[in-house]
Amino acid sequence: MTSEFRLFTRVTVAKAKSVVANPDEPADPEGGGGFAEWAMLTLHALRIELGKSYRAAVDLLSEMPGVLEEIGLTRLPHYTVLRTWFARIPTTTWRAFLGASAEKRTGHAAIDSTGFDRDQPSRHYANRTNYRVRALKVTALVDVETLYITDIHSTTSKKHDAKIGPQVARRNAGDLRSLAADRGYDAKTFRDELRENGIRPLIKHRIMNPLDHAHNARMDGDRYHQRSMSETVFSSIKRTLGAAVRARSWWLEFREMLLKATVYNLRRSVRYP
């Protein structure tokens with residue numbers, strides 16, 4: 001076990017405790033009681049960081065007494081219990097966990113989307129249920145200066161970017177000062193809503209007439225071109241945490257992407273404090 005992994009665990013514990021209703025609950029109550037929610041959030045983050053299955057992650061963590069000490073665990077749950085907790089913890093808590101992990105924000109953000117493959121278990125589920133979507137469309141809101149992910153949207157549909165963008169921006173309106181996006185998010189109603197919320201839209205116009213050239217020319221070039229930072233973040237996640245989701249159902253795949261983004265943020269907080 002490296003000192004960086006132990007520090008990662010310590011930071012994860014602090015963030016997990018900040019989003020649960022009972023942060024003072026013992027991780028592993030004496031007398032065989034249940035595990036604390038914050039401890040299970042931490043274990044799931046460690047599982048993603050290790051890149052292991054539920055069974056392999058539990059086996060590996062059992063050989064890391066220093067990590068268990070950081071969490072306050074005297075025993076580990078059975079891997080099936082850990083898997084059950086992933087479905088039990090509500091999506092609102094996973095979103096709060098992501099928000100807590102994005103500790104450095106400037107308010108200048110970019111939004112973009114990419115595809116994550118649905119792994120073999122999900123493909124089996126898709127075939128069995130006649131569900132043919134092979135990729136998960138993931139949209140991320142990224143702070144262009146700190147490179148923290150502040151929000152994630154996932155869908156198995158072909159929903160247009162111009163429909164997803166307002167939904168994500170609305171959830172984060174209080175934290176945003178500007179929002180950069182490519183022409184896929186070009187919509188007058190979206191720009192108007194951003195301005196109403198005090199957010200400067202940096203969204204290129206699709207060229208329909210000469211006036212659109214003028215609008216694009218007046219845009220803050222340096223700030224707009226930071227939009228590519230979202231592509232950098234996606235590349236980092238796929239390279240280090242995998243380009244596929246492995247959960248067996250679409251709603252758990254959504255949570256898996258939230259958790260991947262959270263682990264990415266926690267890594268940044270450890271490596272670039």
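General remarks:
- Checking each residue in segment 221-273 for being in contact with a strand residue (DSSP E or B) (Cβ under 7 Å, 6 or more places away or on another chain) and of a type in the set (A, V, I, L, M) picks out Met229, Val233, Ala243, Ala244, Val245, Met257, Leu258, Ala261.
- Among the residues of segment 39-50, none qualifies, meaning not one is more than 26 Å from Ala247 (Cβ to Cβ), of a type outside the set (A, V, I, L, M, F, W, C) and in contact with a helix residue (DSSP H, G or I) (Cβ under 8 Å, 6 or more places away or on another chain).
- Taking segment 31-75 as the range and being without any contact (Cβ under 8 Å) to a residue 40 or more places away in the chain and among the charged types (D, E, K, R) as the test, the residues that pass are Arg47, Lys52, Arg55, Asp59, Glu63, Glu69.
Let's see how each residue does on (1) of a type outside the set (Val, Ile, Thr); (2) modelled with pLDDT under 95; (3) surrounded by 17 or more Cβ atoms within 10 Å (Cβ to Cβ):
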residue: Ser236; (1), (2), (3): yes, no, no
residue: Gly242; (1), (2), (3): yes, yes, no
residue: Val245; (1), (2), (3): no, yes, yes
residue: Arg248; (1), (2), (3): yes, yes, no
residue: Trp251; (1), (2), (3): yes, yes, no
residue: Met257; (1), (2), (3): yes, no, yes
residue: Ala261; (1), (2), (3): yes, no, yes
residue: Asn265; (1), (2), (3): yes, no, yes
residue: Tyr272; (1), (2), (3): yes, yes, no
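- Residue match in segment 194-203 (condition: on the phi > 0 side of the Ramachandran plot and either open to solvent by 20 Å² or more (accessible area, probe 1.4 Å) or at pLDDT 85 or above (or both)): yes
- Residues in segment 62-101 that are in contact with a Ser or Thr (Cβ under 9 Å, 6 or more places away or on another chain) and of a type in the set (Phe, Trp, Tyr): Tyr79, Trp94, Phe97.
- Scanning segment 167-193 for residues that are among the charged types (D, E, K, R) and either farther than 15 Å from Ser230 by Cβ or crowded, with 21+ Cβ neighbours inside 10 Å (or both) yields Arg170, Arg171, Asp175, Arg177, Asp186, Lys188, Arg191, Asp192, Glu193.
- Complete set of residues in segment 79-122 that are under 18 Å from Ile164 (Cβ atoms) and either buried (at least 16 other Cβ atoms within 10 Å of the Cβ) or among the aromatic types (Phe, Trp, Tyr) (or both): Arg95, Leu98, Ala109, Ala110, Ile111, Asp112, Ser113, Thr114, Phe116
- Taken over segment 141-155, the residue count meeting the criterion of being outside any strand (DSSP E or B) and open to solvent by less than 20 Å² (accessible area, probe 1.4 Å) is 2.
The values are calculated or read from the model by the stated rules, or taken from the named source; none is laboratory data. Quantities reported herein were computed from a predicted structural model and do not represent experimental measurements. Every residue, glycine among them, receives a Cβ derived from its backbone with ideal geometry; neighbour counts consider all protein chains shown. Areas reflect the complete protein model, heavy atoms only, side chains present, ligands, DNA and RNA absent. Shrake-Rupley method; radii C 1.70, N 1.55, O 1.52, S 1.80 Å.
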